[in-house]
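J.: Here it is, the structure in full.
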Amino acid sequence: MQVPAPFEYERATSVQHALELLRARGPDARLLAGGHSLLPMMKLRLAAPEFLIDIDPLAGELGYIREQDGELRVGAMTRHRALLESDAVARHATIITDAERVIADPVVRNRGTIGGALCQADPAEDLSAVCAALEATVVVRGADGDRVLTMPEFHRGPYETAVGDAEMLIEVRIPLHPVAGSAYEKVERRVGDWAVAAAGAAVRLHAGVITRAGIALTAVGAGVTSGAAEQALAGQPPSEATFAAAAELAARDCSPTTDQRGSVEYKRHLARELTLRALRTATARALRGDA
Amino acid sequence: MQVTVTINGEERSADVEPRTLLVHFIRDDLDLTGTHWGCDTSNCGACVVLFDGEPLKSCTMLAATAAGHEITTVEGLAAGGELDPVQQGFIECHGQQIGFCTPGMLLTARALLDANPDPSEHEIREAISGQICRCTGYSNIVKAVRWAAENAPATTTTTTTTTGA
Ligand SMILES: Cc1cc2nc3c(=O)[nH]c(=O)nc-3n(C[C@H](O)[C@H](O)[C@H](O)COP(=O)(O)OP(=O)(O)OC[C@H]3O[C@@H](n4cnc5c(N)ncnc54)[C@H](O)[C@@H]3O)c2cc1C
Ligand code: FES
């Protein structure tokens, strides 16, 4: 039987209360959101926090999806299921809907949160790449107020983010653009599994030209975004040749490892092919005005 | 710590360590062993219960988090000695063999039908995709859920309430 190591437990009653508890208990304290990454790690004793602050009671305060000031604002406790079922998300950030369809399974999606997913920063976690491709920003709150960070500032690498010991993620902000489209393509070994590899693309068009494309890969040891691929797309008219060149750059610009999910060669092949497919779909959606 | 939940319509309480997982709280402290406990890694879905009306892998929640919430286990499906249509469907269509996945499958099916009384085969397969069955190849489970959809009484009989996301 796998049980976590003993810990003290307290429920947060508000964001303010959670921050006070974090401050009082220092680095031994951890937030518990949906628990679908932290509890499995605690059961395996890969994590053993001494003090657990349950933020499940903040699911109301931090569970929202709303359009405001040209952005889609998503509260940190918004669950995968709510993202999957949101019309606003499907309309403005279809890449999220694409990803949510294949993140874990419906039962896990009832509990897992966007805040937990981004803060866990698992290398095979899907929403980090999705948010990076969308050029989302995240709001991190601490005693001194809010910091608004870009994904490259926030996401430091596997299991590491810019969130300090006495801080928490509050909100994710996705900029809205008039002629834009996005898509996510993932290959997994079986339904509900983590990615073997995945790619996200968010394309903005103006006067028949790509003004900006966000490209980000999952599970293949890539940077937060694929900078070389993004540069190759900016200012170009959308075409198969442009997409293929960018996909090639994205595949070159990552460092997958061989594991039980596949070989380096296979994953690099997927990185190329999935980037290509994501670009095609994202561009088609932008052209349909179907962001 | 004292944890109190409403389980199958009844308020139950026990004194447990904060690290107690909901599945063990239900099985060992509340003596409701209908909820099964399988992989322990949040993958198999044998431990699924309804938490405020939504399927939950109870090996992946602390009992402490569940305090104050409503839980339905397989023991709560039959009302007044009448089997829930999903239970009857599993009997009619041979939806189980060894029965290890069955409690979780029944509860997920109940939640699906509460939200969508006439699900397609695809919707049923999607709903149960987080739960593993090694006997039926899923075909008979899908048939059983369809049977329940087609033979449902006018009103459902669960004690759960559904809440938003
Ligand atoms: C069987 C299974 C399959 C899965 N498959 C996938 C998959 O295919 N793709 C995928 O992307 N994910 C997958 N996941 C992960 C899951 O979907 C959740 O996204 C993930 O568990 C994190 O969300 P959570 O709310 O459960 O976070 P928790 O487990 O509660 O927390 C994770 C970490 O984030 C910290 N944290 C949480 N919220 C905040 C906050 N607001 N501010 C600061 N820190 C915070 C916690 O302290 C902890 O360190 C899977 C999980 C399971 C169990
Ligand atoms: S025992 Fe909970 S998912 Fe397998």
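The values are calculated or read from the model by the stated rules, or taken from the named source; none is laboratory data. Note that the structure is a prediction, hence the values are computed from the model and not measured. When we count neighbours, we look across all protein chains shown, and the Cβ atoms used for this are built from the backbone with ideal geometry, even at glycine. Please note that ligands, DNA and RNA were not included when accessible areas were found on the heavy atoms of the full protein model with its side chains. Shrake-Rupley method; radii C 1.70, N 1.55, O 1.52, S 1.80 Å.
J.: Take segment A:1-20 and flag every residue that is within 14 Å of another protein chain (Cβ to nearest Cβ) and either open to solvent by 40 Å² or more (accessible area, probe 1.4 Å) or in a helix (DSSP H, G or I) (or both).
T.: Within segment A:1-20, the first condition is being within 14 Å of another protein chain (Cβ to nearest Cβ), and the residues that meet it are A:1-13.
Answer for segment A:1-20, where residues must be within 14 Å of another protein chain (Cβ to nearest Cβ) and either open to solvent by 40 Å² or more (accessible area, probe 1.4 Å) or in a helix (DSSP H, G or I) (or both): A:Met1, A:Gln2, A:Pro6, A:Glu8, A:Glu10, A:Arg11, A:Thr13.
J.: Would you mind finding the one in A:Ala93, A:Ala121, A:Ala129 that is open to solvent by less than 10 Å² (accessible area, probe 1.4 Å), away from ligand 1 (no atom under 12 Å from the Cβ), more than 12 Å from chain B (Cβ to nearest Cβ) and under 14 Å from the mean Cα position of the chain (by Cα)?
T.: Working: A:Ala121 fails: away from ligand 1 (no atom under 12 Å from the Cβ); A:Ala129 fails: away from ligand 1 (no atom under 12 Å from the Cβ).
Result of the check over A:Ala93, A:Ala121, A:Ala129: A:Ala93.
J.: Okay, moving on. Look through B:Ile132, B:Ile124, B:Ile98 and report the one residue that is open to solvent by less than 10 Å² (accessible area, probe 1.4 Å) and aliphatic (A, V, I, L, M). Don't jump to the end; show me each part of the working.
T.: Working: B:Ile132 fails: open to solvent by less than 10 Å² (accessible area, probe 1.4 Å); B:Ile98 fails: open to solvent by less than 10 Å² (accessible area, probe 1.4 Å).
Of B:Ile132, B:Ile124, B:Ile98, the one residue that is open to solvent by less than 10 Å² (accessible area, probe 1.4 Å) and aliphatic (A, V, I, L, M) is B:Ile124.
J.: Could you go through segment A:31-48 and let me know if any residue there is surrounded by 19 or more Cβ atoms within 10 Å (Cβ to Cβ), more than 12 Å from chain B (Cβ to nearest Cβ) and not in a loop (DSSP other than H, G, I, E, B). Give the derivation first.
T.: Of segment A:31-48, the ones surrounded by 19 or more Cβ atoms within 10 Å (Cβ to Cβ) are A:31-40, A:42-43.
Still in the running and more than 12 Å from chain B (Cβ to nearest Cβ): A:31.
If we keep only those that are not in a loop (DSSP other than H, G, I, E, B) too, we end up with A:31.
Yes, segment A:31-48 contains at least one residue that is surrounded by 19 or more Cβ atoms within 10 Å (Cβ to Cβ), more than 12 Å from chain B (Cβ to nearest Cβ) and not in a loop (DSSP other than H, G, I, E, B).
J.: Another question about this same structure. From the list A:Gly208, A:Gly227, A:Gly214, which residue is more than 16 Å from ligand 2 (Cβ to nearest atom), assigned by TED's automatic domain parsing to the domain that holds A:Leu249 and within 15 Å of A:Leu134 (Cβ to Cβ)? Let's see the steps before the verdict.
T.: Values: A:Gly208 fails: within 15 Å of A:Leu134 (Cβ to Cβ); A:Gly227 fails: within 15 Å of A:Leu134 (Cβ to Cβ).
Being more than 16 Å from ligand 2 (Cβ to nearest atom), assigned by TED's automatic domain parsing to the domain that holds A:Leu249 and within 15 Å of A:Leu134 (Cβ to Cβ) holds for just one of A:Gly208, A:Gly227, A:Gly214, which is A:Gly214.
J.: Of all residues in segment B:57-70, count the ones that are within 15 Å of the chain's Cα centre (by Cα), buried (at least 24 other Cβ atoms within 10 Å of the Cβ) and either hydroxyl-bearing (Ser, Thr, Tyr) or not in a helix (DSSP H, G or I) (or both).
T.: Summing the residues that are within 15 Å of the chain's Cα centre (by Cα), buried (at least 24 other Cβ atoms within 10 Å of the Cβ) and either hydroxyl-bearing (Ser, Thr, Tyr) or not in a helix (DSSP H, G or I) (or both) in segment B:57-70 gives 4.
J.: Could I ask something else about it? Can we say B:Gly80 is more than 14 Å from every other protein chain (Cβ to nearest Cβ), away from ligand 2 (no atom under 16 Å from the Cβ) and open to solvent by less than 60 Å² (accessible area, probe 1.4 Å)? Outline the logic, then answer.
T.: Numbers: more than 14 Å from every other protein chain (Cβ to nearest Cβ): yes; away from ligand 2 (no atom under 16 Å from the Cβ): yes; open to solvent by less than 60 Å² (accessible area, probe 1.4 Å): no.
Judged against the criteria, B:Gly80 is not a match.
J.: Now a separate question. Just for segment B:37-56: of the residues that are open to solvent by less than 10 Å² (accessible area, probe 1.4 Å) and in a strand (DSSP E or B), which one is farthest from ligand 2 (Cβ to nearest atom)?
T.: To start, the set of residues in segment B:37-56 that are open to solvent by less than 10 Å² (accessible area, probe 1.4 Å) comprises B:45-50, B:53, B:56.
Within this subset, residues satisfying the condition of being in a strand (DSSP E or B) are B:48-50, B:56.
Values: B:Val48: 7, B:Val49: 10, B:Leu50: 14, B:Leu56: 10 Å.
Here the residue is B:Leu50.
J.: Please pick out the residue among A:Ile95, A:Ile103 that is under 24 Å from A:Val187 (Cα atoms), in the same structural domain as A:Val138 (by TED's automatic domain parsing) and in a loop (DSSP other than H, G, I, E, B). Don't jump to the end; show me each part of the working.
T.: Working: A:Ile95 fails: in a loop (DSSP other than H, G, I, E, B).
Exactly one of A:Ile95, A:Ile103 is under 24 Å from A:Val187 (Cα atoms), in the same structural domain as A:Val138 (by TED's automatic domain parsing) and in a loop (DSSP other than H, G, I, E, B), namely A:Ile103.
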